[in-house]
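J.: Below is one structure. I have some questions about it.
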Amino acid sequence: MAFSMLTDTRERGFLDGQFLIAMPGMLDTNFARSVVYVCAHSAAGAMGFIINRAQPISFSEILLHLNLADDEDVAMLPGQARDFPILSGGPVETGRGFLLHSDDFTSTSSIPISEEISLTATLDIIRAICDGRGPARATMLLGYAGWGPGQLETEIAANGWLNCPATDDLIFDRCVDDKYERALASMGIAPEMLSTEAGHA
């Protein structure tokens with residue numbers, strides 16, 4: 001579903017390139033207090049990534065797990081690679097890794113998401129990061145968020161989400177603890193202002 005939606009050249013939906021910010025009444029624990037970057041939205045559904053939920057795993061551990069490095073290699077990683085953020089991108093395909101990154105890196109499998117951001121889900125970008133040839137800005141996400149046709153629109157109408165334009169700075173910011181509050185602040189909203197009743201914010 002994910003890549004077929006991203007490569008579909010049909011008309012895009014109004015939520016492309018938007019943040020979804022979970023409302024207090026969000027009942028799905030997968031999305032409570034989440035900020036989602038919507039990469040694709042159309043009549044076929046929507047997909048995106050949660051950008052404010054850290055994974056309890058390091059980039060070094062992923063390299064070892066994938067047999068892309070040994071302990072000696074990991075010890076010699078550049079600082080940027082050692083501190084590379086790993087996030088829980090969503091509840092779908094949680095064993096699969098995706099990298100959102102600036103468009104200064106590209107491979108044959110990279111998919112442009114916006115004028116500044118691309119998505120790559122192959123090992124070449126991981127090797128490039130290890131070698132210091134990776135993109136200037138990137139984050140790895142395990143899994144993604146997906147919605148079927150009309151599902152996301154229904155959730156928004158039921159007061160499940162707020163939406164606003166996405167910003168690269170917030171997507172790539174490594175401090176995830178207060179991204180929810182900062183995303184709301186970008187709309188001029190404080191968390192205590194939100195209502196769980198439909199039609200109110």
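The values are calculated or read from the model by the stated rules, or taken from the named source; none is laboratory data. For clarity, every value in this text was computed on a predicted model and none was experimentally measured. As a convention, Cβ positions derive from the backbone with ideal geometry for all residues, glycine included, and neighbour counts pool all protein chains shown.
J.: Starting from the range 20-44, take each residue that is touching a residue at least 60 places away in the same chain (Cβ under 8 Å) and closer than 15 Å to residue 190 by Cα and list its partners that are crowded, with 23+ Cβ neighbours inside 10 Å and of a type in the set (Phe, Trp, Tyr), counting only C-beta distances under 9 angstrom and pairs at least six apart or across chains.
T.: What qualifies is 35/19.
J.: Let me ask you something else. Yes or no: the range 167-178 includes at least one residue that is within 25 Å of residue 25 (Cα to Cα), in contact with a strand residue (DSSP E or B) (Cβ under 7 Å, 6 or more places away or on another chain) and not hydroxyl-bearing (Ser, Thr, Tyr).
T.: The answer is yes, given that some residue of the range 167-178 is within 25 Å of residue 25 (Cα to Cα), in contact with a strand residue (DSSP E or B) (Cβ under 7 Å, 6 or more places away or on another chain) and not hydroxyl-bearing (Ser, Thr, Tyr).
J.: Just to verify a result, which residue in the range 8-25, among those that are surrounded by fewer than 20 Cβ atoms within 10 Å (Cβ to Cβ) and within 16 Å of residue 158 (Cα to Cα), is modelled with the lowest pLDDT?
T.: 25
J.: Step by step: first the residues of the range 130-142, then only those that are free of Cβ contacts under 8 Å to residues at least 60 places away in the same chain and more than 12 Å from the chain's Cα centre (by Cα), then the one that is nearest to residue 165 (Cα to Cα). Which residue is that?
T.: Our first condition is that a residue be free of Cβ contacts under 8 Å to residues at least 60 places away in the same chain; within the range 130-142, this holds for 131-138.
Narrowing further to those that are more than 12 Å from the chain's Cα centre (by Cα): 131-137.
Working: 131: 33, 132: 31, 133: 30, 134: 26, 135: 23, 136: 22, 137: 19 Å.
Among them, the one singled out is 137.
J.: Still on this structure, please answer the following. Looking at (1) assigned to a loop (DSSP other than H, G, I, E, B); (2) free of Cβ contacts under 8 Å to residues at least 40 places away in the same chain; (3) closer than 22 Å to residue 177 by Cα, find the lone condition where residue 101 falls short.
T.: Single failed check for residue 101: (1).
J.: Considering only residues of the range 128-155 that are in contact with an Asp or Glu (Cβ under 8 Å, 6 or more places away or on another chain) and either within 19 Å of residue 91 (Cα to Cα) or small (Gly, Ala, Ser) (or both), which is surrounded by the fewest Cβ atoms within 10 Å (Cβ to Cβ)? It would help to see each step written out before you state the result.
T.: So the first thing to find is which residues in the range 128-155 are in contact with an Asp or Glu (Cβ under 8 Å, 6 or more places away or on another chain), and the list is 130, 135-137, 143-144, 147.
When the remaining residues are screened for being either within 19 Å of residue 91 (Cα to Cα) or small (Gly, Ala, Ser) (or both), the result is 136, 143-144, 147.
On the way: 136: 11, 143: 21, 144: 24, 147: 22.
In this case the residue turns out to be 136.
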